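Following: one structure in structure tokens, then a few remarks.
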Amino acid sequence: MAIEHLKSGKPETERAEDDQKVRAIVEATLKDIETRGDAAIRELSARYDRFEPECFRLTPSQIEAAMQKVSTRDMEDIRFAQTQIRRFAEAQRASMTDVEVETLPGVILGHKHIPVQSVGCYVPAGKFPLVASAHMSVLTAAVAGVPRIVASAPPRDGVPHPAMVAAMHLGGAHEIYVLGGMQAVGAMALGTETIRPVDMIVGPGSAFVAEAKRQLFGRVGIDLFAGPTETMVIADDTVDAEMCATDLLGQAEHGFDSPAILVTNSRKLAEGTLAEIDRLLTILPTAATASASWRDYGEVILCDTHEEMLAVADDIASEHVQVMTDRDDWFLQNMHSYGALFLGPRTNVANGDKVIGTNHTLPTRRAGRYTGGLWVGKFLKTHTYQRVETDEAAVMIGEYGSRLCMLEGFVGHAEQCNLRVRRYGGRNVPFGESATRPEAAE
């Protein structure tokens, strides 16, 4: 039996049309920010967020006032989540060691991990205030040792969201702005009269935020192209339809364009999940959003074997992959393209999104084929260095370098090497010729 699609989503042609509309709006917006700076930011904030403060940056007293509004339980939960995320980020950082090795006598090569010097962390709050996104970007940048961390989140109901401010502050942000969407990304990347530009932009967001990052990439660094939330459930008949449906809709509620895909080798589970989704959508408070995503972007793919399920999953390269089978470790060992794996029925994507410790900013739109998600290493640049400590090593490497440069026709390059052969080896190497060893010349 061939792989069977029991349910398919919106055609790719329609998705491409949506992308083109977003692209044009973002391009014009970024040009306006670059041209008019703070004036453009203020107009955009008024238009999209109905928010026009005297200053978009929060003062220490405003941060403290916002944090006072957070309940004791919520503050404890935020601190607990940040502790888990910090622990894992610190373990990741400890795995990245500087290297120095003597590859030949007198030749020293090495690399150092150096933090990006300034980072802008966007914390989204469109439909939902994503408090957890502050942990994932701000706190992880702090563990990496970034000396200037700028965080920005939109207002909620005309004021800074207290829990989001608390998460950004406790995570280690040095500057906090109340700015939303593509205008926040543009302001942090391009700079304005009152906001110094950063070297890197990170964090998830709407299609407009993702497109702004795409257009700014190169001018600043980015973590990855984080589009709409995606989830995939890989399941066989070891689990039931309620669990599969719950895990699919749990992510579909993110937005109207959040793909949710079931890949299974059980027709009974596939049909049961479709029915269970219909039932849950009658009682889910966020059904207006989740049902639109499921209607336009939901899929159910029926396979014959676990090997087919693996091939389909790797081809789609979904952001979140919940694996609930009789061979979860087999999928861990063999899957190569995804954002993050959630193995077994006892865990779920929400754990990774909010609290367990792994980072929730992950590759979407098949980017898992070539990159992983945000982690402490994304904030570190690996720079190499070299040192030649002896005359003998300078001459020996210089001889090889000279000949290889001349092989490519780079006479000026060769002369850099020849100068060292003459200076440190006392050899007469004519200008414009390659250096040869005396015994080779004989």
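When the surface is traced with a 1.4 Å probe over the full set of protein chains, K112 keeps roughly 100 Å² accessible.
When the chain is treated as a Gaussian network with alpha carbon springs shorter than 10 Å, the biggest mean-square fluctuation among L179, L362, L407 belongs to L407.
Selection among V421, F410, T382 by position relative to the dipole of the stretch 375-424 gives T382 as farthest towards the positive end (Cβ unit charges, Cα centre).
The charge dipole of the stretch 218-286, taken about its Cα centre with unit charges on the Cβ atoms of Lys, Arg (+1), Asp and Glu (-1) only, comes to about 200 debye. Our summary gives the stretch 243-306 a relative contact order of 50 percent, counting only alpha carbon pairs under 8 angstrom and 6 or more residues apart.
Here's how it looks for M232: its modeled amide H is under 5 Å from those of I261, H320, V321, Q322, which are all 5 or more places away or on a different chain.
Rolling a 1.4 angstrom probe over the stretch 256-309 with all protein chains present gives an accessible area of which 56% lies on carbon and sulfur atoms. Sites counted here are chymotrypsin sites (Phe, Trp or Tyr not before Pro) in a DSSP loop (not H, G, I, E or B) having no more than 11 other Cβ atoms within 10 Å; the longest part of the chain that contains none of them is 1-369. How much of the accessible area of the stretch 1-140, in percent, comes from carbon and sulfur atoms when a 1.4 Å probe is used? Using a 1.4 Å probe with all protein chains present, the stretch 1-140 comes out at 53 percent carbon and sulfur. Here the Karplus curve 6.51 cos²θ - 1.76 cosθ + 1.60, taken at θ = phi - 60°, turns the phi angles of the stretch 323-340 into couplings of 10, 9, 9, 8, 8, 4, 5, 5, 5, 4, 6, 10, 6, 10, 9, 5, x, 8 Hz, with x standing for Gly and Pro.
Listed here are the pairs K7/K378; K10/K213; K31/K112; K112/K213; which of them are more than 32 Å apart at the Cα? Don't jump to the answer; show the numbers that get you there.
Working: K7/K378 37 Å; K10/K213 25 Å; K31/K112 36 Å; K112/K213 27 Å.
Pairs exceeding 32 Å: K7/K378; K31/K112.
Each stretch of four or more DSSP H residues adds -39500 (n - 2.57); spread over every residue of the chain, this sum gives -14500 deg cm²/dmol at 222 nm.
Summarising the amide proton neighbourhood of G221: residues at separation of 5 or more, or on other chains, whose placed amide H is nearer than 5 Å comprise M200, I201. Among A394, A173, A184, the residue with the largest mean-square fluctuation in a Gaussian network model of the chain, with springs joining Cα atoms closer than 10 Å, is A394.
Each Lys and Arg contributes +1 and each Asp and Glu -1, all at the Cβ; summed about the Cα centre of the chain, the dipole is approximately 1400 debye.
Counting other Cβ atoms within 10 Å, which trypsin sites (Lys or Arg not before Pro) in the stretch 322-366 have at most 11 and lie in a DSSP loop?
Numbers: sites: R327, R346, K354, R365, R366; in loops: R327, R346, R365, R366.
Those that pass, being in a loop and sparsely packed, are R346.
Across H413, H336, H113, mean-square fluctuation computed from a Gaussian network of the chain (C-alpha pairs under 10 Å connected) peaks at H413. Per-residue Karplus couplings for the stretch 371-387, computed as 6.51 cos²θ - 1.76 cosθ + 1.60 with θ equal to phi - 60°, are listed in order as 8, x, x, 5, 7, 4, x, 5, 8, 10, 9, 9, 10, 8, 8, 9, 8 Hz, Gly and Pro entered as x.
The values are calculated or read from the model by the stated rules, or taken from the named source; none is laboratory data. All figures in this text were calculated on a predicted structure; none of them were measured in a lab. Reconstructed Cβ throughout: ideal geometry from the backbone, glycine too, with neighbour counts over all protein chains shown. We work out accessible area using only protein heavy atoms, side chains counted, and drop any ligands, DNA or RNA first. Shrake-Rupley method; radii C 1.70, N 1.55, O 1.52, S 1.80 Å.
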